[in-house]
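Only the coordinates and a few stated rules stand behind these numbers; no lab work does. All values reported here derive from a predicted model rather than from experimental measurement. Please note: Cβ atoms are built from the backbone with ideal geometry, for glycine as well, and neighbour counts cover all protein chains shown.
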Amino acid sequence: MNIGLEHYLIVGAILFSLGLFAVVTRKNAILVLMGLELILNSANINFIAFAKYGGMNIEGHVAAIFVIILAAAEAAVALAIVLNIYRNFKHVNVDEVAKLKD
Amino acid sequence: MDLLNLVFYLFAIITVVSAIIVVTHRNIMYAAFALLFTLFGVAGLYAMLNADFIAVAQIMIYIGGILVLLIFGVMLTSNITGVDLKTGSMSKLQRWIMTVISLLIAIGLAIMYSTTDWVRKDIPEVNSTVDTIGNLLLTDYLIAFEVASVLLLIAIIGAALIARHKTR
């Protein structure tokens, strides 16, 4: 059986559900961010698989580039926020950080 | 068994197994290094999908940028003395419920993907996607491209502003 569109989509689906699992069950903010990266990667796999099997349509690649740009911007800002949380609370457990201000 | 199929299964297994380590390992550092292999496997999948530029961009931006940033975050937010490097998780019941939900999502999506009758087009031979991507970015997607560059500038300034020490 040759590798087709479905194989890539199923890898993307597995990555998406693993990322969702990490986002919901992990307490550490950094690990939540890692789960987010997994979800964005699964979206990118879908974009590029559809780009190839839709007759090598390069517009899917452009969408993937914008997803990568957004992931980079999101990681930078989120890491800065996590560092601030650590400075104020001395931990980064997301379920204990329920206050915006003392 | 075709060689190309073997390479696909190699990359898919690397991706999925190290993603499972990312979401289940208790040590954050191990999770971060497993994320490296996940991103590398995804880059391999992109290369198999004839997306050479995206594969290189994935390695350079994700592994060279975002992963290093995440490892910096791990280093800066864990106590050397404390047990903070080990990450906690939810209670057992919540974990099991979430495991079932994400398994259901994965299986449901897999069934949906494999039963859908996708439109099949024949794939033309392409040598390199780079010049097509460049042309598209500077013609059809020019406004989105410029907005993305402004967004990156704002993200850099905002991150530096949020993360720096308040001096008063």
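The label-point distance for B:Ile63 and B:Ile154, in a model that sets each label 7 Å from Cα toward Cβ, rounds to 3.2 nm.
Which listed residue (A:Ala63, A:Ala78, A:Val11) has the Cα farthest towards the positive end of the charge dipole for the range A:5-89, taking +1 on Lys and Arg C-beta and -1 on Asp and Glu C-beta about the Cα centre? Comparing the listed Cα positions along the dipole, A:Ala78 ranks first. What is the range B:1-107's relative contact order, in percent, from Cα pairs under 8 angstrom and six or more apart in sequence? Rounded, it is 24 percent for the range B:1-107. Taking the Cα centre of chain A as origin and assigning +1 to Lys and Arg Cβ atoms and -1 to Asp and Glu Cβ atoms, the resulting dipole is close to 340 debye.
Could you give log10 I(q)/I(0) at q = 0.08, 0.10, 0.19, 0.20 Å⁻¹ for chain B, computed by the Debye formula over C-alpha point scatterers of equal weight, without solvent? Log10 I(q)/I(0), no solvent term: -0.40, -0.63, -1.38, -1.38. Think of each Lys and Arg Cβ as +1 and each Asp and Glu Cβ as -1; about the Cα centre, that makes the dipole of chain B roughly 1140 debye. Each label point was placed 7 Å from the Cα along the Cα-to-Cβ direction; for B:Val56 and A:Glu96 their separation is 4.6 nm.
Helix A:59-89 and the longest principal axis of the Cα set of chain A meet at an angle near 10°.
Using a Förster distance of 35 Å, how high is the FRET efficiency between B:Leu104 and B:Met75, based on the Cβ-Cβ distance and rounded to 0.05?
Details: r = 36 Å, r/R0 = 1.04.
FRET efficiency, B:Leu104 to B:Met75: 0.45.
Among complete DSSP H helices in chain B, those whose alpha-carbon atoms stretch at least 24 Å along the helix's long axis and whose mean Kyte-Doolittle hydropathy reaches -0.5 are B:3-24, B:28-48, B:92-115, B:142-163.
Report the net charge of residues surrounding B:Ser91, where surrounding means a beta-carbon distance below 14 angstrom and charges are Lys +1, Arg +1, Asp -1, Glu -1. So the environment of B:Ser91 carries a net charge of +3. The sum of -39500 (n - 2.57) across all DSSP H runs of n ≥ 4, divided by the residue count of chain B, sets its helix-only mean residue ellipticity at 222 nm to -23000 deg cm²/dmol. Dipole orientation for the protein assembly as shown: of the candidates B:Tyr113, A:Ala29, B:Ala155, A:Ala29 has the Cα lying most toward the positive pole (charges on Cβ; Lys, Arg +1; Asp, Glu -1). Counting lysine pairs in the protein assembly as shown whose alpha carbons fall under 28 angstrom apart, excluding pairs fewer than 8 residues apart on the same chain, gives 17.
How much FRET efficiency would the formula 1/(1 + (r/R0)^6) give for B:Ile143 and B:Asp122, where r is the Cβ-Cβ distance and R0 is 35 Å, rounded to 0.05? Before the final figure, lay out each step's value.
Numbers: r = 33 Å, r/R0 = 0.93.
Once rounded, the FRET efficiency stands at 0.60.
Peptide B:128-136 has a mean shielding of 3, counted as Cβ atoms of other protein chains within 10 Å of each residue's Cβ.
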